[in-house]
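The values are calculated or read from the model by the stated rules, or taken from the named source; none is laboratory data. These numbers come from a predicted model, not from an experiment. For neighbour counting, all protein chains shown are included, and Cβ atoms are generated from backbone atoms with ideal geometry for every residue, glycine included. Please note that ligands, DNA and RNA were not included when accessible areas were found on the heavy atoms of the full protein model with its side chains. Shrake-Rupley method; radii C 1.70, N 1.55, O 1.52, S 1.80 Å.
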Amino acid sequence: MASCSAPTDGSDAQGLTVTSLYLLAKLSWRNLWRNPRGTLLTALALGLGLALLLISLGLLDGGHEQTIADGVRFGPGHVVVQAKGYQDSSSDELLLPAQVVSNLEGFLATGNIKKVVRGVSPRLLATGLMSSSASSAGVRLVGVIPKDDLAVSLIPQRMIEGTWLTSNEKLTGAVIGVVIGDELARKLELKIGSKAVLMTQELRSPGAKIGSDTGDEMQSTLLRVSGIFRTGLQAIDANMIFVPLSAAQALLGVSDDQVTQAALLLVKEGDSPLVARALRKQLAGSPVEVLTWRESLPMLAQILGLDHAFNYIMNGVILAMVGLGILNTILMRVLERRYEFGVSKALGLQPRQLAIMVVGESLALTAISLALGLVLGLSVQHYFATAGLDLRLVFKAGLPPALVFDPILYSRLSMDRIVWSVSIVFAMATIISFYPAFKAARTDLPDALKVL
């Protein structure tokens with residue numbers, strides 16, 4: 001009898017082990033469906049946790065993507081090329097050398113770079129004083145090529161009255177069109193077609209000494225309001241005005257090939273470091289600085305960093321809720337089946353085999369929950385990715401005045417996020433199932449067999 005029960009070689013022992021594991025898996029699956037309604041309800045509840053995690057990740061990633069896209073299009077783009085030291089001093093006298101502008105245009109026309117750059121907008125920046133019959137205000141003058149800036153900036157899309165700049169006309173006696181923010185228009189009591197006077201100081205020409213007279217003359221010109229925009233940002237709506245680049249160059253006394261900066265908008269935000277490195281290599285030796293949006297907009301980068309940290313905390317809370325749900329479900333199943341486990345041990349089932357059976361039930365329940373969670377989560381995520389989440393439904397009384405992104409938030413969920421979510425939930429469920437399995441394996445036989 002002893003010789004029959006003992007395996008004669010390693011292959012027999014392995015065969016018995018595989019057979020026993022198969023039987024334990026079969027028992028685990030059957031035990032799971034002894035109460036199909038409870039199993040499905042539990043799986044649905046746990047699946048909702050995964051679905052909530054996927055939906056929140058999609059909306060948060062989509063929100064970050066839209067915030068970055070709007071931030072760089074209201075600012076200097078994904079990558080900005082400007083005179084060395086401009087980021088720290090913001091001095092209007094720091095202009096890009098004409099040779100740098102020429103090299104930049106030639107480099108951006110090459111095949112590899114041209115594929116990743118969506119648009120380039122040269123800009124001339126200066127300060128001035130804008131006056132109307134009602135009042136006056138300090139403004140930030142931005143000279144742009146209307147057609148080029150249309151592809152880079154969001155300002156043309158935020159027009160509430162009038163039209164965007166239509167030509168790059170020079171100061172030839174005709175009144176130049178200007179686009180201003182709605183808060184500035186309200187302060188100066190300007191409407192479409194209204195005229196205002198802009199006073200600026202000529203910029204010092206390259207190579208001129210600080211004490212020279214060059215750049216000290218004041219210039220004034222008559223502008224006509226052709227458009228009014230609203231972004232929701234007070235710093236933009238109350239201060240910035242846009243005029244054709246050639247008109248700004250003539251007004252500020254700089255040559256036709258000089259600008260303050262060149263803003264680049266890329267097809268993908270992730271290409272910013274790559275493009276910046278290529279430009280630094282191309283412009284090496286020139287007195288310029290090439291910055292990504294994280295370097296030119298450090299405040300936006302810090303805000304997004306804090307938001308990411310908060311999102312990790314929220315995701316941790318969701319995962320903790322899912323984990324507690326799994327632990328509670330499996331542990332209650334174990335405690336309710338103490339008599340069953342006692343009988344199994346009395347019939348010869350080893351504690352290790354009981355633990356494996358409980359872990360198998362937990363993994364099977366987790367697999368069902370993950371399947372339901374993926375179906376629910378990806379379905380809702382697909383809706384938000386196509387139709388979007390309209391924030392105007394949340395802010396029924398009106399959108400916050402500081403809302404600078406689009407009121408419709410679109411979900412963006414990558415495959416890496418999906419794999420990460422499923423993997424972390426599955427791993428967490430596996431680890432959590434060890435405690436109920438340990439409780440089942442340590443079932444006290446005499447107490448478990450007591451008749452209730």
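Residues of segment 162-218 that are at pLDDT 85 or above, open to solvent by less than 50 Å² (accessible area, probe 1.4 Å) and hydrophobic (A, V, I, L, M, F, W, C): W164, L165, I176, V178, V179, I180, L184, A185, L188, L190, A196, L198. The set of residues in segment 68-109 that are more than 18 Å from A276 (Cα to Cα), touching a strand residue (DSSP E or B) at 6+ places or on another chain (Cβ under 9 Å) and of a type in the set (A, V, I, L, M) comprises L94, L95. In this structure, V290 does satisfy being under 18 Å from F107 (Cα atoms), crowded, with 20+ Cβ neighbours inside 10 Å, in contact with a helix residue (DSSP H, G or I) (Cβ under 6 Å, 6 or more places away or on another chain) and hydrophobic (A, V, I, L, M, F, W, C). All conditions but one from (1) small (G, A, S); (2) modelled with pLDDT under 90; (3) farther than 26 Å from W420 by Cα apply to A276; the one that does not is (2). The condition of being open to solvent by 30 Å² or more (accessible area, probe 1.4 Å) and within 18 Å of V72 (Cα to Cα) holds for R158. Checking each residue in segment 255-275 for being in contact (Cβ under 8 Å) with a residue 24 or more places away in the chain, surrounded by fewer than 23 Cβ atoms within 10 Å (Cβ to Cβ) and outside any strand (DSSP E or B) picks out S255, D257, Q258, V267, K268, E269, D271, S272, L274, V275.
Once segment 76-108 is narrowed to residues that are under 29 Å from the mean Cα position of the chain (by Cα) and without any contact (Cβ under 8 Å) to a residue 40 or more places away in the chain, the residue that is surrounded by the fewest Cβ atoms within 10 Å (Cβ to Cβ) is D88.
The selection criterion, being outside any helix (DSSP H, G or I), open to solvent by 30 Å² or more (accessible area, probe 1.4 Å) and of a type outside the set (D, E, K, R), holds for G285. When L32, L44 are checked against the criterion of being in contact (Cβ under 8 Å) with a residue 24 or more places away in the chain, buried (at least 18 other Cβ atoms within 10 Å of the Cβ) and within 17 Å of G325 (Cα to Cα), a single residue qualifies: L32. Pairs linking a residue in segment 239-253 that is in a loop (DSSP other than H, G, I, E, B) to a residue that is of a type in the set (V, I, T), with Cβ atoms under 9 Å and 6 or more positions apart or on different chains, are N239/V139; G253/T214. Set side by side, the residues L331, L304 differ, and just one is in contact (Cβ under 8 Å) with a residue 60 or more places away in the chain and open to solvent by 30 Å² or more (accessible area, probe 1.4 Å), which is L331.
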